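Here the structure is laid out as structure tokens; the discussion comes afterwards.
The values are calculated or read from the model by the stated rules, or taken from the named source; none is laboratory data. Keep in mind that what you see is a predicted model, and the values were worked out from it rather than measured. Glycine also receives a Cβ, built like all others from the backbone with ideal geometry; neighbour counts cover every protein chain displayed.
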Amino acid sequence: MRCPNCDKTIAMKDRFCRHCGQPVVVKERPPKPPEPGSVMFPIECSDFGPAEILAPFESQLGAAWGAHIYTGSSQDSNQVKSRPEGCPDWVESSDWFRWFRRGLVVWDHNARRIGAILAGDAIELLEKLQANDEWKTQGIAVVERHTNWLILDEPPPRKRPRKKKSTEPEPEPPPEEPKSKPTYYEQERLRLTGRAAEEFVAYLHANEAQLRKMADEEEKLEQKARWRIFEVMVQIHHEILLFFDLLILHSGLSISSRKPARAASRSTLSFQAPPRLSLGIRVGTPCCTILMDSR
């Protein structure tokens, strides 16, 4: 670095210039904001630009529920240290992060429950509600899905100790059920019924365009991430091939062509390796034969 007073070169750790003796004041650089559109996993944690809370809603007809749309990237529980502005008083600190989960956030004052679903899940829910009217009697479930939260199978029950052998034949044990594979986290956070369900459907209709826009942004980022993974895999493949090429060159292997005595229609490639190893590849019809001779 250079001294801001005499413009001569000094070390980064110097606090006084060794040339002019003046104190060196290093200005701290402002933190660089993340680049918009950077991809992270899961996709909801990627950077989507400035975060906003859109379409805030509180029922005024006694249904006692509310909702809003959060456009930023989802935040973890360790990132939200205080109660968000506008968050109901009954929401516990372990659920504060749901106020800032990307997508649709819904809460029920009577049940004292809060849940958040991604924009794509909200669109799927709206299409399901449009397809049938079961929600009018069964209510509307707000189901959270987290692809980065894994639910493992329950441990199998302990086996009971065997009883002493008797003359009577023992009954055959029932066939074991196939073990289910690990599934991703999925939980019904709350269920809106009656007047609240009707208002919720109307809310989804009114904000369908915004939710579809957010779902399209997530889909584009996911495609970008998949393409990046493909590029990395191709690059690794080329690096592996290059490694083996260099390994063959540095090991002293040479390729020579000779005509075998018995079969004139075949050609043989032999690799002369350093000490005690000779490799040969005989190419012919209908197969290719690999020969290895140890010396």
**Item:** Hits in the stretch 83-108 (condition: within 24 Å of PRO42 (Cα to Cα), in a loop (DSSP other than H, G, I, E, B) and more than 24 Å from the chain's Cα centre (by Cα))
**Value:** PRO84
**Request:** Select from the stretch 199-240 the residues that are buried (at least 17 other Cβ atoms within 10 Å of the Cβ), within 25 Å of the chain's Cα centre (by Cα) and either of a type in the set (Asp, Glu) or not assigned by TED's automatic domain parsing to the domain that holds ILE140 (or both) and list them in ascending order.
**Result:** GLU217, GLU218
